[in-house]
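The values are calculated or read from the model by the stated rules, or taken from the named source; none is laboratory data. Only a predicted model underlies this, so the values are computations on that prediction, with no experimental measurement involved. Note: ideal-geometry Cβ built from the backbone for every residue, glycine included; neighbour counts use all protein chains shown. For the accessible areas, the whole protein counts, side chains as well, though only heavy atoms, and no ligand, DNA or RNA atoms are used. Shrake-Rupley method; radii C 1.70, N 1.55, O 1.52, S 1.80 Å.
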Amino acid sequence: MLLTSRVRGTRPTAPRRPRRTALLASAVSVCLVAASAPPAPLGIGDRLFPHLGNPGYDVASYDLSFTYPGTNDKPLQAVTTIDARTTADLDRINLDFAHGKVGSVEVDGEPASFATAGEDLVITPGEPLAEGSRTRITVRHTSDPRDTAGRDGGWLRTADGLATANQADAAHLVFPCNDHPSDKAFFTVRITAPDGYTAVANGLPAGVHRAGGRTTWTYRTQHPMATELAQVSVGRSAVPRRTGPHGLPLRDVVPAKHRAALEPWLRKTPAQIAWMEGKVGPYPFETYGLLMVDTATGFELETQTLSLFEKGLFTEPAYPRWYVESIMVHELSHQWFGDSVSPRTWSDLWLNEGHATWYQILYAEEKGGRPLEKHMKAAYGVSDRWRATGGPPAAPKVPKPGNKVGIFRPSVYDGAALALYALRQKIGRPAFERLERAWVSLYRDGTATTDDFVRLASQISGRDLSGFFHGWLYGAKTPPMPGHPDWKPVRAGRGPAK
Ligand SMILES: [Zn+2]
């Protein structure tokens, strides 16, 4: 994600990013609840979002069907089918789900009882499920785009339809799921909408069926995906197609009436992908594209294979071209860092946002003449303040309820990019570049932790970097910058601190 300033006439500021956590709970937190106990919300013990995710199963695939009624003022009808494998004996199955009404639930084709507890849907199958069994859960429900949940995220209402913005904890406001990036799965998404609308989701098209004034569009992912990265777009959209490096199919989704004005930006994607491939290696997915929505969001989001952007980013004349392009590269680089390699916990968010910010700044340097070192020196000056407010990059503070910025604070964006710069200063450019390539290759289509990154960096540089990283990722104060002993924290409103 990238939070972007939308104040006309202000100077572009560096975007903020999120952080990551360490997640320990999985098997340990599985407790079998006696069937007579009241249904309770469960989680997998993420330090930042304790109730996200659920113990006792691993989702293999989601099949999501939505029927859009042609207005944003009514709920969509939906069917969610989950194929999962149990990792414990289960009397009950918890899914994360809120903000929709559940009509019925089946487990392996048999009706199951269900109840709501907090933001969990608690399902009691007729027979308990044994550890290691495959199970299919079918939930018929509504999915409500109206802003009645009192919280952000999930469906995003646009001028001509809907899109989704689920990061970090809002996919379960759209569909029942195991809503944590540690449980990635394959997705099939079907959207039925009245004729005149176009629907697009992550992955490649897998069929279009027209009947009775409605069209059903089907899409399928070819790589596992975290729930937070699911994208479902329906609107009066144009879908221009083109070809990227090595024949990669590209498709963008834009409001049809603004297509001509947006086309010059869409044309930039193939060269940006080639630039990223030159830095870190092959693009990790089956397709890419930009979804430009006609609404003010205040952020951009790296939904897998189809990044979400607000149209205003491309039409606001105050933004210099290099700035807009560097934000495009921020979301593009997330396809490697954050999407293909997902954070194991939300405290690991700096691995997403630190890297996306790094390539954003690097692109601005190479293509926009904005020196990276100058940017890093300025970031160094305020880094201690970021740490005091949001916590260090790899141990972010728990967000306050209702705080719109949530976990997406400067410490995990520029603060984490600063840590990557310190690493490059420490181990040298060749080792740093080898590390980046190895990281996205080794953990492709998986999840990874901060410790994994520290271990790989140590291995590739041939030295133990655990102490170095401890200060940069977990310290209350920013360590000295290797190679720049003159860099100092700057006090708010004053000169450098003594
Ligand atoms: Zn981001």
Problem - the range 63-211: C-alpha pair distances exceeding 21 Å, % - result: 45
Handout entry: Within the range 250-333: Cβ-based charge dipole about Cα centre, in debye rounded to nearest 20 (Lys, Arg +1; Asp, Glu -1)
Key = 260
Problem - For the range 341-496, alpha-carbon Rg and Dmax in angstrom - result: 15.2, 46
Practice task
Report, ordered by chain and residue number, the lysines lying within cross-link reach of LYS257, taken as a straight Cα distance under 21 Å and ignoring same-chain residues fewer than 8 apart.
Solution key: LYS268, LYS311
Practice task
Over 14 Å, how big is the tail of the calculated P(r) for the range 374-421, in percent of all Cα pairs?
Solution key: 44
Problem - Separation in nanometres of the label points that stand 7 Å from Cα toward Cβ, at ARG455 and GLU277 - result: 3.1
Exercise for the section: Quick one: check the C-alpha center-to-center distance for the range 401-446 versus the range 220-250, whole angstrom. Expected result: 25
Handout entry: Net charge of neighbours whose Cβ lies under 11 Å from the Cβ of GLN222, counting Lys and Arg as +1 and Asp and Glu as -1
Key = -1
Handout entry: Alpha carbon centroid spacing (whole Å) that separates the range 261-290 from the range 310-324
Key = 18
Completion exercise
Set LYS279/LYS397; LYS377/LYS426; LYS397/LYS477; LYS377/LYS397; LYS279/LYS477, cut-off 20 Å on Cα-Cα distance; pairs above it are LYS279/LYS397; LYS377/LYS397; LYS279/LYS477
Completion exercise
Protection proxy (average C-beta count within 10 Å per residue), highest first, orders 188-194, 48-54 as 48-54, 188-194
Exercise for the section: Considering Cα pairs under 8 angstrom that are at least six residues apart, work out the relative contact order of the chain and quote it in whole percent. Expected result: 16
Handout entry: the chain - charge dipole about Cα centre, Lys and Arg +1 at Cβ, Asp and Glu -1, debye rounded to 20
Key = 2140
Exercise for the section: Count charges around PRO39 for me, please; just the other residues with Cβ under 15 Å from its Cβ, Lys/Arg as +1, Asp/Glu as -1. Expected result: -3
Fill in the blank from the handout: Amide H contacts under 5 Å for ALA238, restricted to residues at least 5 apart in sequence or on another chain and with H modeled in the peptide plane, are VAL254, ALA256
Handout entry: Hz values of 3J(HN,Hα) by residue in the range 151-161 - Karplus curve (6.51, -1.76, 1.60), Gly and Pro given as x
Key = 8, 7, x, x, 5, 10, 7, 10, 4, 10, x
Completion exercise
So the angle from the long Cα axis of helix 414-427 to the longest Cα principal axis of the chain, reported in degrees to the nearest 10, equals 60
Practice task
Using a 1.4 angstrom probe on heavy atoms only, work out the carbon and sulfur share of the accessible area of the chain in %.
Solution key: 53
Problem - In nm, spacing of pseudo-spin labels at GLN425 and LYS101 (7 Å Cα→C-beta vector) - result: 6.0
Practice task
Go ahead and estimate [θ] at 222 nm for the chain from helices alone: -39,500 (n - 2.57) per DSSP H run with n ≥ 4, summed, over the residue count, rounded to 500.
Solution key: -7500 deg cm²/dmol
Problem - Kirkwood Rh and Cα Rg combined as Rg over Rh, evaluated for the range 229-313 - result: 0.95
Handout entry: From phi via Karplus (6.51, -1.76, 1.60), per-residue ³J(HN,Hα) for the range 115-123 in Hz, x at Gly/Pro
Key = 8, 9, 9, x, 9, 10, 9, 9, 10
Problem - Total formal charge among the other residues, if their Cβ is under 12 angstrom from that of THR269, Lys/Arg +1 and Asp/Glu -1 - result: +1
Fill in the blank from the handout: Listed by chain and number, the residues whose amide H is under 5 Å from that of GLU310, excluding neighbours fewer than 5 places away on the same chain and using placed H, are VAL293
Practice task
Using θ = phi - 60° and the Karplus relation 6.51 cos²θ - 1.76 cosθ + 1.60, list the HN-Hα couplings for the range 301-313 in order, rounded to whole Hz, with x at every Gly or Pro.
Solution key: 9, 7, 4, 4, 6, 8, 6, 8, 10, 7, 4, x, 4
Problem - Computed FRET value (nearest 0.05) for GLU131 with LYS477, which takes r as the C-beta separation and R₀ as 41 Å - result: 0.30
Handout entry: Gain on full stretching of the segment that runs from LYS367 to LYS74 - 0.36 nm per residue minus C-alpha separation
Key = 100.9 nm
Handout entry: Taking only Cα atoms of the chain, radius of gyration then Dmax in Å
Key = 22.4, 74
Handout entry: Amide H contacts under 5 Å for GLY244, placed H, 5+ residues apart
Key = LEU250
Practice task
Would you calculate the separation in nanometres between label points at ALA211 and ALA296, each defined as 7 Å from the Cα along the Cα-to-beta-carbon direction?
Solution key: 4.4
Exercise for the section: Please work out the average accessible area per residue across the chain, using the 1.4 Å probe convention, and give it in Å². Expected result: 39
